[in-house]
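Inspection log for the structure reproduced underneath, given as structure tokens.
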Amino acid sequence: MDIQDAVGNRSTMLRRLKTRSPDFLHARELPIAIVFLAICVFFWQEKPDVFLRPANLAIIMRFIATFGLLAIGELLVIITGGIDLSVGSMTALTGVLVATLILKGIGAVPPFDRLFDSTSPIPMLLSIIIVLAFGGLIGLWHGLFVTKLRIPPFIITLGTWLMARGAAAYITRGYPVVFPSDSSFLNLGQGTLVLGDGKNALQIPNMFIVLVAAALLVAFILNATTLGRHIYAVGGNIEAARVSGINVDRVRMFSYASSGVLGALVGILLASRLGQGTPTVGTAYELWAIAATVIGGTSLFGGEGTVLGVILGAAIMGVMQNGMVLLNVSSYLQEIVLGVVLVIAVTWDMWRRRRSV
Amino acid sequence: MAERTPFVEMQNIKKHFGAVQALRGVDLEVYRGEVLGLVGDNAAGKSTLMKVLSGAYLPDEGQILIDGKRVHIASPEDSRRQGIEMVYQDFALANNLDVAANVFLGREVVRWQVGPLRVMNKRVMEDHARNLIDRLKIDINSVRLKVENLSGGQRQAVAIGRAIAFDAKVVIMDEPTAALSVAAIGKVLDLIRELKAQDCAVILISHRLEDVYEVGDRVVVLRQGRKVADRPVSGDLHKFREEIVAYMVGAKDDFGLETVQSTIAERS
């Protein structure tokens, strides 16, 4: 066989591979998954004794859970062509709120202290539900401004970004609201599900289980339901969606409300993880979440993006951050590296997109 | 043809926007299996008239009859329920979704429902979309292709297919050939013939008089919110074009005051 033949054969084989191969080989997430695995292998090679240790994996999984949950909310908003800058501050406000409600009751939350005299604590589960609902309401508030008043999402969520941070500090007068160390609330963020036994038993943080549950639910909504299809349609061509009879305002309200609920969920989990509601927690988390969605192949122009991609994006950031800590890379340098990863991811995605059209 | 009831009959439709009288009492009828060309200069009222029919605008006055019965069309949903579909000039497709998803956009086939979550039956939608594409002889390899990967002609075909997928009886097309290559225009005109063969009524808004000439049975010319001509498409293209342009610019008028007066004078 001469070279010409060999080359010809290879290209027909490639073509056959491309047309016959199963769906997952065409998936946009495949290259991202490969990059993720490569990064894992790299750090595992560098630090074989530490990287795969259960305690370290639990640290990575908590990181992925925190930013993965925020990024899923961000994904729902970004697919519709919007953005939610409020989630970082919202984790602080909701964390402070849940801590205050559980420990001191509604009477300790400033605008309500004049209405309610009660300082009796609110049961844990009820507090959590109230705070999740609060997050959803803030999301609806964003949706209302974006859809009915046509305020750019960037602006209205930037407003909340400031207000929520301010409110968190105002409610607590700047001090953290600390849980007693025996509070059962702390189980939520600090507890783990132990698989196997002995020293090498796998510890899966509860937070990570919450992430998996949320990811499965949102992936189901996006892939299998009319609501999910309409979310993509709104991001692809909002006018087409409108003339097709889709209630585009309701779809966008859903996206912002979901992001609000997920922001509140992270706020609650972080308060539990840290054992306190802190007004300074979650600074710039919205930007990390947006970075995770973008690394995961989501288009900031809307219409594109998947839950799997976004989780992989958060996982790449989590593993890199953790790996660099293990390698004693200076924290300043870590940020530089993650910034470079973000730029590479976006550039590569744009290049791939242009080539495929 | 005069014996049959028109499928759609619009009577004395008036519509104004502020001080502008966009439609000054227009009558229009369309029959099943007929291609009606609707032409006129910019701001003649073509699009406004069609938006009244498709439910985007409520007329100030006038009525609409479907199959001889008076109907009230107050929204795009009402219009669709009567079997009236509109193909928009800019295709109105979501380019990030595939062909099947676009065909069924806003009318997804639902398998089961839990609360507000309606789970789609994708297989059924893909099969239906495939059948539709085959029936219309549209050249698209897979209904799973994203619209952004299709050519302009294929996109227009999908937009038209989408309009007629649900048993449309009237399809309104707003400048369907405006942005297309010559080859793609031929395909769209073939599609219009196909619709006609399936006893569908087509209202074709177009600036391209040769298209109206080629597929149209009848042509209505609007000028300044009034109907100035309603005649069969006949003769050779040159003459047809000259005549229609004469109506469009106001040199001829079959329904003007002078014409009506002279007809009365002739009769008496």
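The values are calculated or read from the model by the stated rules, or taken from the named source; none is laboratory data. Everything numeric here is computed off the predicted structure, so don't read it as measured data. Cβ atoms come from the backbone with ideal geometry, glycine included; neighbour counts cover every protein chain shown.
Counting only helices (runs of 4 or more DSSP H) that fall entirely inside the stretch A:132-244 and contain at least 1 residues that are within 14 Å of chain B (Cβ to nearest Cβ), the qualifying elements are A:206-224, A:226-236, A:238-243.
Restricting the search to the stretch A:245-258, which residues are of a type in the set (Val, Ile, Thr) and within 7 Å of chain B (Cβ to nearest Cβ)? Listed by number, the list holds a single entry, A:Ile246.
Please indicate, with yes or no, whether at least one residue in the stretch A:266-288 is crowded, with 23+ Cβ neighbours inside 10 Å, touching a residue at least 24 places away in the same chain (Cβ under 8 Å) and under 20 Å from A:Asn223 (Cα atoms). No, that holds for no residue.
Restricting attention to the stretch B:88-95, does a residue exist that is surrounded by 23 or more Cβ atoms within 10 Å (Cβ to Cβ), without any contact (Cβ under 8 Å) to a residue 60 or more places away in the chain and either within 14 Å of another protein chain (Cβ to nearest Cβ) or under 21 Å from B:Ala201 (Cβ atoms) (or both)? Checking the stretch B:88-95: at least one residue is surrounded by 23 or more Cβ atoms within 10 Å (Cβ to Cβ), without any contact (Cβ under 8 Å) to a residue 60 or more places away in the chain and either within 14 Å of another protein chain (Cβ to nearest Cβ) or under 21 Å from B:Ala201 (Cβ atoms) (or both). Would you check if there is a residue in the stretch A:135-148 being closer than 22 Å to A:Asn187 by Cα, out of contact with any strand residue (DSSP E or B) (no Cβ under 7 Å at 6 or more places or on another chain) and modelled with pLDDT of 95 or more? Yes: the stretch A:135-148 contains one or more residues that are closer than 22 Å to A:Asn187 by Cα, out of contact with any strand residue (DSSP E or B) (no Cβ under 7 Å at 6 or more places or on another chain) and modelled with pLDDT of 95 or more.
Which is in contact with a helix residue (DSSP H, G or I) (Cβ under 9 Å, 6 or more places away or on another chain), part of a helix (DSSP H, G or I) and free of Cβ contacts under 8 Å to residues at least 40 places away in the same chain, of A:Leu338, A:Leu333, A:Leu308, A:Leu342?
None of the other options fit; the residue is A:Leu333.
Take the conditions (1) of a type outside the set (Phe, Trp, Tyr); (2) crowded, with 22+ Cβ neighbours inside 10 Å; (3) touching an Asp or Glu at 6+ places or on another chain (Cβ under 6 Å); A:Gly302 misses just one of them, which is (3). Tell me which residues, restricted to the stretch B:96-116, are assigned to a loop (DSSP other than H, G, I, E, B) and facing chain A (nearest Cβ under 8 Å). Residues satisfying the conditions are B:Asn96, B:Leu97, B:Leu105, B:Gly106, B:Arg107, B:Glu108, B:Pro116. Could you grab me the full set of residues in the stretch B:174-189 that are modelled with pLDDT of 85 or more and small (Gly, Ala, Ser)? Across the stretch B:174-189, the qualifying residue is only B:Gly186. In the stretch B:129-149, of all residues being surrounded by fewer than 17 Cβ atoms within 10 Å (Cβ to Cβ) and either touching a Phe, Trp or Tyr at 6+ places or on another chain (Cβ under 8 Å) or within 23 Å of B:Ala197 (Cα to Cα) (or both), the one that is farthest from the other protein chains (Cβ to nearest Cβ) corresponds to B:Lys137.
Cβ contacts < 8 Å: first residue closer than 12 Å to A:Leu312 by Cα, restricted to the stretch A:53-74; second residue in a loop (DSSP other than H, G, I, E, B), any location; separation 6+ or different chain. Result? Final answer for the pair search is A:Ala71/A:Gly296. Yes or no: B:Arg24 more than 14 Å from chain A (Cβ to nearest Cβ), among the basic types (Lys, Arg), under 24 Å from B:Ala246 (Cα atoms) and in contact (Cβ under 8 Å) with a residue 40 or more places away in the chain? Yes: the conditions hold for B:Arg24. Name the single residue, out of those in the stretch B:7-46 being of a type in the set (S, T, N, Q) and assigned to a strand (DSSP E or B), that is nearest to the chain's Cα centre (by Cα). It comes out as B:Gln11.
Of everything listed in (1) more than 19 Å from the chain's Cα centre (by Cα); (2) part of a helix (DSSP H, G or I), the single unmet condition for B:Val119 is (2). Closer than 19 Å to A:Val218 by Cβ and either basic (Lys, Arg) or more than 15 Å from the chain's Cα centre (by Cα) (or both), is that true of A:Arg252? Against the criterion (closer than 19 Å to A:Val218 by Cβ and either basic (Lys, Arg) or more than 15 Å from the chain's Cα centre (by Cα) (or both)), A:Arg252 qualifies.
For the stretch A:80-93, a tally of residues being in contact with a Leu (Cβ under 8 Å, 6 or more places away or on another chain) and either modelled with pLDDT under 95 or part of a helix (DSSP H, G or I) (or both) returns 4. Would you mention how many residues in the stretch B:63-87 are hydrophobic (A, V, I, L, M, F, W, C) and either away from chain A (no Cβ under 14 Å) or in a loop (DSSP other than H, G, I, E, B) (or both)? Residues that pass the stated criteria total 6. Selection of the stretch B:150-168 for residues being among the charged types (D, E, K, R) and more than 13 Å from chain A (Cβ to nearest Cβ) yields only B:Asp167. If only residues of the stretch B:47-83 that are under 20 Å from A:Asn247 (Cα atoms) and touching a residue at least 60 places away in the same chain (Cβ under 8 Å) are counted, the one that is farthest from the chain's Cα centre (by Cα) is B:Arg80.
Look at (1) closer than 24 Å to B:Lys196 by Cβ; (2) buried (at least 16 other Cβ atoms within 10 Å of the Cβ); (3) of a type in the set (S, T, N, Q) and you find that B:Thr48 fails only one, number (1).
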